[in-house]
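Below is one structure, written out as structure tokens; comments come after it.
The values are calculated or read from the model by the stated rules, or taken from the named source; none is laboratory data. Keep in mind the model is a prediction, meaning the values are calculated, not measured. FYI the Cβ positions are ideal-geometry reconstructions off the backbone, even for glycines, and counts take in every protein chain you see.
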């Protein structure tokens with residue numbers, strides 16, 4: 001039984017996040033998107049943790065549901081923490097995903113942080129003056145079933161491998177505790193094939209999540225697991241699948257086209273300038289407009305640490321957990337109509353497709369194109385077919401600026417023949 005998991009989101013208590021990120025609304029949106037299991041987010045924040053305790057009840061071991069049974073969405077206890085600490089002669093800024101097997105364990109971990117004097121009220125993603133390794137030590141002391149996964153591993157400012165505050169390897173960060181880190185999150189600006197270029201990650205599971213700061217962004221990346229039955233959907237089983245990289249149970253990830261991520265290319269947002277790693281080398285790492293240092297993006301950083309050619313990576317990838325690239329449905333509709341994602345026309349078309357066909361992932365990945373054409377029109381069906389086949393154009397993102405997806409170039413809408 002296939003289940004879609006989004007293991008990295010935020011609550012309304014995280015900085016720069018939507019006030020509508022509350023558990024009932026998150027659950028409702030997950031049903032629309034096709035997400036079966038979602039992280040609770042922000043469990044270290046006192047007010048959010050109280051909301052969790054008031055709203056959730058354990059269903060299966062370590063898996064929770066809304067107490068009022070108003071949604072089929074299930075929750076796993078997970079959050080994101082920020083580690084900022086000087087380590088090995090450099091200030092490291094790392095975001096980390098942290099999971100707990102129960103509310104009780106999460107509360108125990110929160111109490112440990114509070115006793116150490118950390119201000120957990122300031123932000124849903126609190127900044128801890130501890131190294132990543134020290135945080136992992138606290139987790140293991142709290143309960144060995146807790147799980148740490150470095151978040152958006154390649155982003156320049158807060159990735160474990162980021163060009164600004166990261167490390168060159170997991171061993172550099174975690175030393176003798178490295179065996180406890182069994183996975184990394186690829187982030188929006190990289191996809192699995194980029195990560196496969198590093199042989200050091202061969203035994204590390206790659207997961208993908210939305211890092212949603214609003215309900216609309218839920219599920220923009222996700223993971224698809226296969227469980228034998230409903231009773232097998234437990235925290236321990238999810239952790240096991242991730243820990244061992246079980247290819248029979250971890251079917252695939254659902255990925256942004258990495259160019260759409262806001263740190264894919266090198267660049268300087270203030271100067272509206274971006275470039276490929278090859279061009280960065282030509283410019284000697286300096287912005288040609290202001291002559292300040294460029295922000296080195298994910299593609300460049302992957303190339304710097306990689307030890308495989310593209311050809312070698314393709315061969316290795318045949319034995320890896322596969323992935324499928326997607327574009328969020330609202331973006332597909334918006335590009336088809338040449339209008340903004342938040343416009344009335346896009347919303348009406350989106351809701352009509354959901355109402356008459358099913359959830360967003362079903363529409364993007366599996367629904368019959370003829371049915372999509374009947375409900376949303378031929379151009380929408382053509383656009384979804386193009387996304388399924390990777391026949392799109394993306395202007396790469398850089399230095400905090402998201403890339404731009406174009407399903408149709410030069411307004412090709414209405415010109416393509418689709419065999420329905």
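Checked against (1) in a loop (DSSP other than H, G, I, E, B); (2) more than 25 Å from the chain's Cα centre (by Cα); (3) more than 30 Å from residue 29 (Cβ to Cβ), residue 308 meets all criteria but (2). Any idea how many residues of segment 383-403 are touching a helix residue (DSSP H, G or I) at 6+ places or on another chain (Cβ under 9 Å) and on the phi > 0 side of the Ramachandran plot? Qualifying residue count, segment 383-403: 2. Checked against (1) in contact with a strand residue (DSSP E or B) (Cβ under 8 Å, 6 or more places away or on another chain); (2) surrounded by fewer than 20 Cβ atoms within 10 Å (Cβ to Cβ); (3) within 24 Å of residue 215 (Cα to Cα), residue 390 passes all but condition (3). The residues of segment 218-240 that are part of a helix (DSSP H, G or I) and surrounded by fewer than 21 Cβ atoms within 10 Å (Cβ to Cβ), listed by number, are 230, 231, 232, 236, 237, 239, 240. Of all residues in segment 48-100, those satisfying the criterion of being in a loop (DSSP other than H, G, I, E, B) and either outside the structural domain of residue 240 (by TED's automatic domain parsing) or surrounded by fewer than 22 Cβ atoms within 10 Å (Cβ to Cβ) (or both) are 59, 60, 61, 67, 68, 69, 70, 71, 72, 73, 88, 89.
The condition of being more than 18 Å from residue 203 (Cα to Cα) and surrounded by 18 or more Cβ atoms within 10 Å (Cβ to Cβ) holds for residue 346.
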